[in-house]
Amino acid sequence: LPIETLESIIDNIDTCKDLLNLALTCSRFKDLIIPNHIEYRYIRCDPYRRSLWIKLIQKPLLASHIR
C-alpha cells in the first residue's frame, strides 16, 4: 500500500497501545509509527515550555500528528 494510505490508517488510531500493537504487525507500520506517531500524539505540558514549541516548529511532521 502507498505511504499515504498507511498514514491514513495510522491517523485513525487513537490510543498509543493500539499504535504500538499495529507497529508490531509489520516493519512498514513500525517505520512510520515509532519515529512519527508515538512520542507526540498527546501532549500535556506547560504552554510556556519554549523548547517544545521550537521542536514542533522545526519538525512539522511531528506537529501534524498531535491530537
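What follows is calculated from the coordinates using simple rules that are stated; it is not laboratory data. Values in this document were obtained by computation on a predicted structure and should not be read as measured data. Heads up, the Cβs are rebuilt from the backbone with ideal geometry, glycines too, and the neighbour counts pull from every protein chain shown.
List the chymotrypsin sites (Phe, Trp or Tyr not before Pro) within segment 28-67 that DSSP assigns to loop and that have no more than 13 neighbouring Cβ atoms inside 10 Å. Please report the intermediate quantities before stating the final value.
On the way: sites: PHE29, TYR40, TYR42, TYR48, TRP53; in loops: TYR40, TYR42, TYR48.
In loop regions of segment 28-67 (DSSP not H, G, I, E or B), the sparsely surrounded chymotrypsin sites (Phe, Trp or Tyr not before Pro) are TYR42, TYR48.
Under a point-charge model restricted to the Cβ atoms of Lys and Arg (+1) and Asp and Glu (-1), what is the dipole moment magnitude of the chain relative to its Cα centre, in debye to the nearest 20?
Details: 10 positive and 8 negative charges, 70 e Å.
For this selection, approximately 340 debye.
Please list, by residue number, every one of the trypsin sites (Lys or Arg not before Pro) in segment 20-61 that is coil in DSSP and has at most 12 other beta-carbon atoms within 10 Å. The partial results should precede the final answer.
Working: sites: ARG28, LYS30, ARG41, ARG44, ARG49, ARG50, LYS55; in loops: ARG41, ARG44, ARG49.
Of the trypsin sites (Lys or Arg not before Pro), the ones in loops of segment 20-61 whose Cβ has at most 12 other Cβ atoms within 10 Å are ARG44, ARG49.
Rank LEU24, TYR42, HIS65 by how far each Cα sits towards the positive end of the charge dipole of the chain (+1 on Lys, Arg Cβ; -1 on Asp, Glu Cβ) and give me just the farthest.
TYR42
Need one number: nm distance between label points at GLU39 and THR15, each 7 Å from Cα along Cα→Cβ, rounded to one decimal.
Roughly 2.4 nm, to one decimal.
By how many nm would the segment from TYR48 to SER8 lengthen if fully extended, with 0.36 nm per residue of separation less the alpha-carbon distance? If you can, show how the numbers build up before the last one.
Numbers: separation 40, 0.36 × 40 = 14.40 nm, distance 3.12 nm.
Full-extension gain reported as 11.3 nm.
Roughly how compact is the chain, stated as its Cα Rg over 2.2 N^0.38 Å to two decimals?
On the way: Rg = 12.7 Å, N = 67, 2.2 N^0.38 = 10.9 Å.
In units of the 2.2 N^0.38 Å rule of thumb, it is 1.17.
Per the helix-only calculation at 222 nm, which mean residue ellipticity applies to the chain, given -39500 (n - 2.57) for every DSSP H run of n ≥ 4 and division by its residues, nearest 500 deg cm²/dmol? Could the numbers behind the result be given before it?
Working: 5 runs with 41 residues, N = 67.
It comes out at -16500 deg cm²/dmol, rounded to the nearest 500.
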